[in-house]
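Trainee: Shown below is the structure under consideration.
The values are calculated or read from the model by the stated rules, or taken from the named source; none is laboratory data. Note that the structure is predicted; figures quoted are calculated from it, not measured. Methodologically, a virtual Cβ is constructed for each residue, glycine included, from the backbone with ideal geometry; neighbour enumeration extends over all protein chains shown. In case anyone asks, the SASA skips ligands and DNA or RNA and just uses the protein heavy atoms, side chains included. Shrake-Rupley method; radii C 1.70, N 1.55, O 1.52, S 1.80 Å.
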Amino acid sequence: MALTAGIVGLPNVGKSTLFNAITKAGVEAANYPFATIDPNVGMVEVPDYRLARLTELVTPKKTVPTTFEFTDIAGIVKGASKGEGLGNKFLSHIRQVDAICHVVRCFDDENITHVDGRIDPIADIETINLELVLADLESVEKRHARVGKLARTKDKDALAEFAVLEKIKPVLEEGKSARTIEFNEEEAKIVKSLFLLTIKPVLYVANVSEDEIGDAEENEYVKQVREFAATENSGVNVICARIEEEIAELDDDEKAEFLTELGIKESGLDQLIRSAYDLLGLATYFTAGVQEVRAWTFVKGIKAPQAAGIIHSDFEHGFIRAETVSFADLDKYENMAAAKEAGRVRLEGKEYIVQDGDVMLFRFNV
């Protein structure tokens, strides 16, 4: 699927180091603002223990994980909404992503300069949020003026959009994000057409030092970020980007040993990837056969024919039914024959809502 999360933050907070770790792409990470000029895009595997278990049960010729896309966007500075730094270009890159991973510096290091000369994670968050709000306010004000003229002619669509703009405008004027507003289903459709920056879901990524990763919850900066995120119902992931970059170069056994030495059960990146995946309302279903065991990404709430269409459009157009078993049942009974005998394999039709962890075999006719 084409959904992507953009990694944003002020210069020198660890964005490119994090991106290097996520994708092993070797993006330049330098101790000066704008080391990243153009957005860098990388695909990462979504960690999922279920895929390994299915591979163990089926022993296929190959195993294919599902993937997720991250875009590393260059550092934003105060005044970006007015073109400061490389502002307008960066804002357009953010507009193109579906969710935002906002990296926040939560460590002290005199050898790494801060664009504002001091460490203050909440001020950093507010700097970027304000620039996004100001950019949205400018576009909403322009739209408000144009649609207002049409609304005076009693145009039905214009009236509906004008009412939504009237709802958004005062919130932005208060310096708050559009995502803090509740919209009904019809309003949400209009909001989607406005392509607002501040409507995008946000995950805050608190980047701590190597010395603090084992006890990061005692970090005062992290506590501040968690308190702020709670005010807008956003999530927080704590990582040490520098350590994650080192871990990314290790094989699985070395990685496990390194994490144990650090007193960490799981890589921060694995947690971040899953959090970003969840942020966009994504889930995974599986196909499992001797030729291939594969994980497929889908948006929660889709029906079986649309899930089949992710594999190939012919599967959706000619959909008949889907032979379906939950991963939990297949894990328990260890093969399809035993799961069928236990009555755990179902034949699902066109109205079936696909569930995370479903193992599916699609029947279709073209």
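Trainee: Residues of the stretch 322-345 being surrounded by fewer than 18 Cβ atoms within 10 Å (Cβ to Cβ), over 28 Å from the mean Cα position of the chain (by Cα) and within 18 Å of F298 (Cβ to Cβ), which ones?
Mentor: E323
Trainee: Name every residue in the stretch 180-199 that is within 15 Å of I125 (Cβ to Cβ) and at pLDDT 90 or above, in order of residue number.
Mentor: Residues satisfying the conditions are L197, T198.
Trainee: Being touching a Gly at 6+ places or on another chain (Cβ under 9 Å) and not in a helix (DSSP H, G or I) is the filter; apply it to the stretch 251-272 and report the residue that is nearest to E45 (Cα to Cα).
Mentor: Once the filter is applied, the top-ranked residue is I264.
Trainee: Next question, about the same structure. Going by what's in this entry, would I320 be described as closer than 20 Å to T284 by Cβ and aliphatic (A, V, I, L, M)?
Mentor: no
Trainee: State whether the residues of the stretch 282-298 include one that is open to solvent by 50 Å² or more (accessible area, probe 1.4 Å), within 25 Å of T71 (Cβ to Cβ), out of contact with any Lys or Arg (no Cβ under 9 Å at 6 or more places or on another chain) and not assigned by the TED database to the domain that holds D329.
Mentor: There is no residue in the stretch 282-298 that is open to solvent by 50 Å² or more (accessible area, probe 1.4 Å), within 25 Å of T71 (Cβ to Cβ), out of contact with any Lys or Arg (no Cβ under 9 Å at 6 or more places or on another chain) and not assigned by the TED database to the domain that holds D329.
Trainee: Determine, yes or no, whether A216 is touching a strand residue (DSSP E or B) at 6+ places or on another chain (Cβ under 7 Å), crowded, with 18+ Cβ neighbours inside 10 Å and assigned to a strand (DSSP E or B).
Mentor: no
Trainee: Here's something else I'd like to know. Tell me which residues, restricted to the stretch 259-275, are among the charged types (D, E, K, R) and open to solvent by 50 Å² or more (accessible area, probe 1.4 Å).
Mentor: E261, K265, E266, R274
Trainee: With the requirement that a residue be assigned to a helix (DSSP H, G or I) and touching a Pro at 6+ places or on another chain (Cβ under 6 Å), what does the stretch 309-344 give you? If you could, list the steps in order and put the result at the bottom.
Mentor: At the first step, the residues of the stretch 309-344 found to be assigned to a helix (DSSP H, G or I) are 309-311, 313-317, 327-333, 336-341.
Matches in the stretch 309-344: E316 only.
Trainee: Tell me, yes or no, whether the stretch 285-292 has at least one residue that is hydrophobic (A, V, I, L, M, F, W, C), within 18 Å of V345 (Cα to Cα) and under 24 Å from the mean Cα position of the chain (by Cα). Write out each step before concluding.
Mentor: As a first pass, look at the stretch 285-292 and keep what is hydrophobic (A, V, I, L, M, F, W, C): 286, 288, 290.
If we keep only those that are within 18 Å of V345 (Cα to Cα) as well, we get 286, 288.
Subset that is under 24 Å from the mean Cα position of the chain (by Cα): 286.
Checking the stretch 285-292: at least one residue is hydrophobic (A, V, I, L, M, F, W, C), within 18 Å of V345 (Cα to Cα) and under 24 Å from the mean Cα position of the chain (by Cα).
Trainee: Against the conditions (1) open to solvent by 40 Å² or more (accessible area, probe 1.4 Å); (2) under 22 Å from the mean Cα position of the chain (by Cα), where does A241 fall short? Just the number, please.
Mentor: The one condition A241 does not meet is (1).
Trainee: Do we have V191 as outside any loop (DSSP other than H, G, I, E, B), closer than 23 Å to I100 by Cα, open to solvent by less than 50 Å² (accessible area, probe 1.4 Å) and out of contact with any strand residue (DSSP E or B) (no Cβ under 6 Å at 6 or more places or on another chain) here?
Mentor: When the stated conditions are applied, V191 passes them.
Trainee: As an exercise: evaluate E220 against (1) in the same structural domain as E245 (by the TED database); (2) within 25 Å of the chain's Cα centre (by Cα) and give the number of the one condition it does not meet.
Mentor: (2)
Trainee: Right, here's the next one. Checking the structure you have, find out if any residue of the stretch 131-149 is surrounded by fewer than 18 Cβ atoms within 10 Å (Cβ to Cβ), free of Cβ contacts under 8 Å to residues at least 24 places away in the same chain and either among the aliphatic types (A, V, I, L, M) or not in a helix (DSSP H, G or I) (or both).
Mentor: Yes: one or more hits.
Trainee: Kindly evaluate E249 against the criterion of being surrounded by fewer than 20 Cβ atoms within 10 Å (Cβ to Cβ) and under 30 Å from T180 (Cβ atoms). Quick ask: steps written out before the conclusion?
Mentor: On the way: surrounded by fewer than 20 Cβ atoms within 10 Å (Cβ to Cβ): yes; under 30 Å from T180 (Cβ atoms): no.
The answer is no for E249.
Trainee: Let me ask something additional. Would a scan of the stretch 190-210 turn up a residue that is free of Cβ contacts under 8 Å to residues at least 12 places away in the same chain and over 28 Å from E141 (Cα atoms)?
Mentor: Among the residues of the stretch 190-210, not one is free of Cβ contacts under 8 Å to residues at least 12 places away in the same chain and over 28 Å from E141 (Cα atoms), which makes the answer no.
Trainee: Collect the residues in the stretch 279-331 that are over 29 Å from I7 (Cα atoms) and among the aliphatic types (A, V, I, L, M), keeping them in residue-number order.
Mentor: A288, V290, V293, A304, A308, I320, A322, V325, A328, L330
Trainee: Further question on the same structure: K154 versus (1) open to solvent by 20 Å² or more (accessible area, probe 1.4 Å); (2) at negative phi; (3) out of contact with any Leu (no Cβ under 7 Å at 6 or more places or on another chain): which is the lone unmet condition?
Mentor: All conditions are met except number (2).
Trainee: I'd like the full set of residues that are part of a helix (DSSP H, G or I) and among the hydrophobic types (A, V, I, L, M, F, W, C), limited to the stretch 279-308. Step through it out loud before you land on a result.
Mentor: Kept after step one, since they are part of a helix (DSSP H, G or I), are these residues of the stretch 279-308: 279, 304-308.
Hits for the stretch 279-308 are L279, A304, A307, A308.
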